[in-house]
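Below is one structure, written out as structure tokens, with a few remarks after it.
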Ligand code: KG4
Ligand code: ZN
């Protein structure tokens with residue numbers, strides 16, 4: 001089954017063609033980072049306008065790169081939510097119109113379920129059940145995953161998402177947007193023992209997170225060391241990153257042990273983080289747990305993961321109709 005995936009939930013316009021939820025024929029991602037960069041974050045109205053400009057060329061490129069004709073597509077999968085409503089509407093309306101013209105089924109899918117299923121686009125996916133840590137700019141959650149479409153939420157952040165904390169800390173340090181990759185790079189040049197920030201575990205036996213405290217701690221450090229901090233950016237980045245990664249790794253391993261799972265998946269934009277990738281592999285291995293992390297291209301927002309999860313819903317006989325609408329939050 002050849003599925004066209006479409007993703008426009010935030011600041012990436014993406015389209016991909018995937019066979020049977022597993023084999024990527026093409027995956028095109030057009031990033032708007034340069035447009036939002038001067039504002040230090042995503043400007044929703046600008047995002048929608050840029051999606052409108054990009055959607056047709058991006059879909060055309062995905063079809064071309066897949067080396068198929070439009071009439072070979074079997075279905076369309078598109079992100080329905082969560083995300084920015086104006087941005088989502090661009091991809092969603094496009095998918096409705098495209099499926100109408102091509103006379104093929106289409107399905108609206110959940111962006112977060114797309115991220116979790118991104119590990120199935122890799123050659124050695126985890127067997128069910130497994131525990132997934134989703135770390136992105138808008139979400140930080142742990143799921144017990146029993147099938148492609150059945151995810152039990154074990155815990156989530158009570159305030160900021162981890163990617164959001166990275167972005168905000170980068171902004172405080174005057175490093176630009178998006179901050180995750182910049183902090184990751186700087187942290188490699190710093191010493192994480194030099195400036196130690198608090199780890200917020202909340203209840204150590206539960207799986208909720210809180211990242212607003214560490215963000216405040218970094219801000220307080222900057223305020224109380226107004227001159228000094230400028231020469232300590234690498235150590236601050238390393239100290240912040242180590243504190244965040246410690247909590248993420250502890251909680252997801254704890255969840256896997258509690259759920260008796262010997263496979264963990266780490267997905268979402270922050271899964272690209274080098275220290276997280278390194279530490280989770282080290283710590284999980286000593287407990288006999290195998291870790292699955294997608295390649296860098298599949299960590300950030302992309303449409304291959306949307307075509308991927310779409311396949312599993314379509315295989316269950318589900319499809320959307322023209323009355324369905326986008327949603328900003330998962331209810
Ligand atoms: O999944 P994603 O592409 O978009 C959302 O659905 O939110 O995640 C984007 C987030 C941003 O907050 C970005 O700063 C963060 O992922 N990120 C990273 C790294 N690369 C991207 N955070 C830490 N380390 C990285 N290497
Ligand atoms: Zn995402």
message: If I take every Cα pair under 8 Å that is 6 or more residues apart in the stretch 171-265, average their sequence separation and divide by the length, what percent do I get for the relative contact order?
response: 38 percent
The chain: antiparallel DSSP beta bridges as a percent of all, rounded to 5: 60 percent
message: What distance in nm separates the two pseudo spin-label positions at residue 53 and residue 159, each 7 Å out from Cα along the beta-carbon direction?
response: 3.7 nm
query: In angstroms, what radius of gyration and Dmax does the stretch 86-137 have, counting Cα atoms only?
result: 14.9, 40
task: Apply 1/(1 + (r/R0)^6) to the Cβ-Cβ distance of residue 204 and residue 93, taking R0 = 41 Å, and write down the FRET efficiency to the nearest 0.05.
output: 0.35
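State the Kirkwood hydrodynamic radius of the stretch 126-293 in Å, one decimal place, computed from all pairs of distinct Cα atoms. Before the final figure, lay out each step's value.
Working: mean 1/r = 0.0623 Å⁻¹.
Hydrodynamic radius (Kirkwood, Cα pairs) of the stretch 126-293 is 16.1 Å.
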field: Residue-span extension gain [residue 103 to residue 35] - 0.36 nm each, minus C-alpha spacing
entry: 20.9 nm
- prompt: Is any residue of the stretch 153-186 close enough, with backbone N under 12 Å, to a label point placed 7 angstrom from the Cα of residue 296 along the Cα-Cβ axis, and if so, which?
  reply: 181-182, 185
message: As I understand it, the value is the acute angle between the Cα axis of helix 162-172 and the longest principal axis of the Cα atoms of the chain; what does it come to in degrees, rounded to 10?
response: 60 degrees
field: Antiparallel bridge percentage (DSSP; both residues within the stretch 126-293; nearest 5)
entry: 60 percent
message: Using Cβ contacts closer than 10 Å as the measure, can you line up 164, 285, 242 from fewest to most?
response: 285, 242, 164
field: Computed E for residue 171/residue 60 - FRET, C-beta separation, R0 41 angstrom, nearest 0.05
entry: 0.70
- request: Sticking with the crude label model, points 7 Å out along Cα→Cβ, report the distance from residue 45 to residue 283 in nm, one decimal please.
  value: 4.3 nm
- request: Quote the FRET efficiency, to the nearest 0.05, computed for residue 72 versus residue 22 with a Förster distance R0 of 22 Å and r equal to the Cβ-Cβ distance.
  value: 0.80
- request: Taking only the C-alpha atoms, wrap a convex hull around the stretch 83-171 and report its volume per residue in Å³ as a whole number.
  value: 139 Å³
field: Residue order, fewest to most beta carbons within 10 Å, for 56, 119
entry: 56, 119
- request: Report relative contact order for the chain in percent, whole number only (criteria: Cα-Cα under 8 Å, sequence separation at least 6).
  value: 25 percent
query: When you count, for each residue, the other Cβ atoms within 10 Å and take the mean per peptide, how do 302-310, 2-10, 174-182 rank with the highest first?
result: 302-310, 2-10, 174-182
field: Rotationally averaged projected area of the stretch 201-331 (alpha carbon convex hull; nm²)
entry: 11.8 nm²
task: State the Kirkwood hydrodynamic radius of the stretch 1-79 in Å, one decimal place, computed from all pairs of distinct Cα atoms.
output: 13.1 Å
query: So what's the convex hull volume per residue for the Cα atoms of the stretch 55-101, in Å³?
result: 79 Å³
message: Below 8 Å, C-alpha to C-alpha, sequence gap of six or more: please give me the relative contact order for the stretch 204-331 in percent.
response: 19 percent
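Test of understanding: what is the full-extension gain from residue 216 to residue 315, defined as 0.36 nm times their sequence separation minus their Cα-Cα distance?
31.0 nm
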- request: Using the 2.2 N^0.38 Å rule of thumb for compact globular proteins, work out how the chain stacks up: its C-alpha Rg over that value, please.
  value: 1.00
field: Fewest-first ranking of 173, 153, using other Cβ atoms within 10 Å as the exposure measure
entry: 153, 173
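Rule-based calculations on the coordinates, nothing more; no lab input. What you are looking at is a predicted structure, and each value in this text was computed from that prediction instead of being measured. Cβ atoms come from the backbone with ideal geometry, glycine included; neighbour counts cover every protein chain shown.
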